[in-house]
Amino acid sequence: MKSPLLSLPGAVPAEGVDEGVAGHYGDLFREQRALADGTGFVDLSHRGVVTVSGEDRLSWLHLLLTQHLTDLRVGEATEALILSANGHIEHALYLVDDGVTVWLHVEPGTQEALIAYLESMKFFYRVEVADRTADFAVVHLPAGSIAPVPPGAVVRETAYGRDLFLPRADLEAYAGQAGLPVGILAHEALRVEHHRPRLGFETDHRTIPHELGWIGSAVHLQKGCYRGQETVARVQNLGKPPRRLVFLHLDGSEVHLPVAGTELRVADDALDGRKIGFITTSVRHHELGPVALALIKRNVPVDAPLLAGTTAAAQEVVVEP
């Protein structure tokens, strides 16, 4: 779904999964600094929007998701996962309840599969699931923002800022009063800085929550009765995940960033040495320079210098080995 804000001055369309919104508006580092300073807004209108209403909505979602939701307070933001029977991550959901309806946004294009799964699990529960992507757009305001929030807008407020669910028809008018438009590339740069995983970027078909640090923030350990819970409990209590998320400082003298999927090796090994992981997201940060998130084997020493292709990389621990 193409955003009307692509008509704003300087807008350069994003590519890949984020196609449909602006990658940047002409000055990537200025846009990053704006977000870091608590100003500007990010158009996330390409993300899927799903609602769950009905009096059983929280107890029903509690049974399906990895998060504890039966006591979720009105206006309290949370996040949750849907796992496969083997504990692999299938969906990441970002939720808030307004007292009548649970609003959630998900990765672009994943809402149809999510809704199909939810519909298959309704049984006798008094819930209604709806795809609201065509009617509502997500806009992100950074932490500290004083940009106005339209009356009646559903707000999901976190430590990283506010996600607004706005009527799609009001998106252009809101952009006119929300300050500097910021592209998705700046938003991604700060996501990487804060070590926050993203479905489809830091995940593959075999990722489990422990590998990405999603235990606690998206997975509640004092609840059961959801698909994949056995794997979560077994790894938590009896073992360690096979991989771990790391933050990488990349050699700043390189012209090109190593792209997602670039293989990682220990620098002391030969260039044809054993693969120990891969880049998941790489960005140029306005203060840190070129940095990345990556998944590596758990047993790689935390002080081992790495090579991303031919680019030197120093690791910073995100998930403990």
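The values are calculated or read from the model by the stated rules, or taken from the named source; none is laboratory data. Nothing here was measured: the structure is a model prediction, and the numbers come from that model. Cβ placement follows ideal geometry from the backbone for every residue including glycine, while neighbour counts extend to all protein chains displayed. Keep in mind that these areas ignore ligands, DNA and RNA; they rest on the heavy atoms of the full protein, side chains included. Shrake-Rupley method; radii C 1.70, N 1.55, O 1.52, S 1.80 Å.
Points worth noting:
- Scanning the stretch 1-16 for residues that are closer than 14 Å to Val182 by Cβ and part of a loop (DSSP other than H, G, I, E, B) turns up Ser3, Leu8, Pro9, Gly10, Ala11, Ala14.
- 1 or more residues out of contact with any helix residue (DSSP H, G or I) (no Cβ under 7 Å at 6 or more places or on another chain), open to solvent by 10 Å² or more (accessible area, probe 1.4 Å) and within 24 Å of Val17 (Cα to Cα): qualifying strands (runs of 3 or more DSSP E) within the stretch 119-216: 128-131, 154-158, 161-167
- Test: residue in the stretch 248-262 that is part of a strand (DSSP E or B) and open to solvent by 50 Å² or more (accessible area, probe 1.4 Å): yes
- In this entry, Leu293 passes the filter for residues that are in contact with a His (Cβ under 8 Å, 6 or more places away or on another chain), of a type outside the set (Lys, Arg) and touching a residue at least 60 places away in the same chain (Cβ under 8 Å).
- Residue in the stretch 236-259 that is at positive phi and not basic (Lys, Arg) present: no
- The residues of the stretch 217-232 that are of a type in the set (A, V, I, L, M) and open to solvent by less than 20 Å² (accessible area, probe 1.4 Å), listed by number, are Ala218, Val219, Val232.
- Residues of the stretch 17-45 that turn out to be of a type outside the set (Phe, Trp, Tyr), assigned to a loop (DSSP other than H, G, I, E, B) and open to solvent by 20 Å² or more (accessible area, probe 1.4 Å), as a count: 4
- Selection count where residues are within 24 Å of Phe123 (Cβ to Cβ), β-branched (Val, Ile, Thr) and open to solvent by 20 Å² or more (accessible area, probe 1.4 Å), scope the stretch 46-77: 1
- Entry remark, the stretch 268-321: residues being within 23 Å of Gly216 (Cα to Cα), open to solvent by 50 Å² or more (accessible area, probe 1.4 Å) and either touching a helix residue (DSSP H, G or I) at 6+ places or on another chain (Cβ under 8 Å) or polar (S, T, N, Q) (or both) number 1 in total.
- Which numbered condition Leu93 misses (of (1) assigned to a loop (DSSP other than H, G, I, E, B); (2) open to solvent by less than 30 Å² (accessible area, probe 1.4 Å)): (1)
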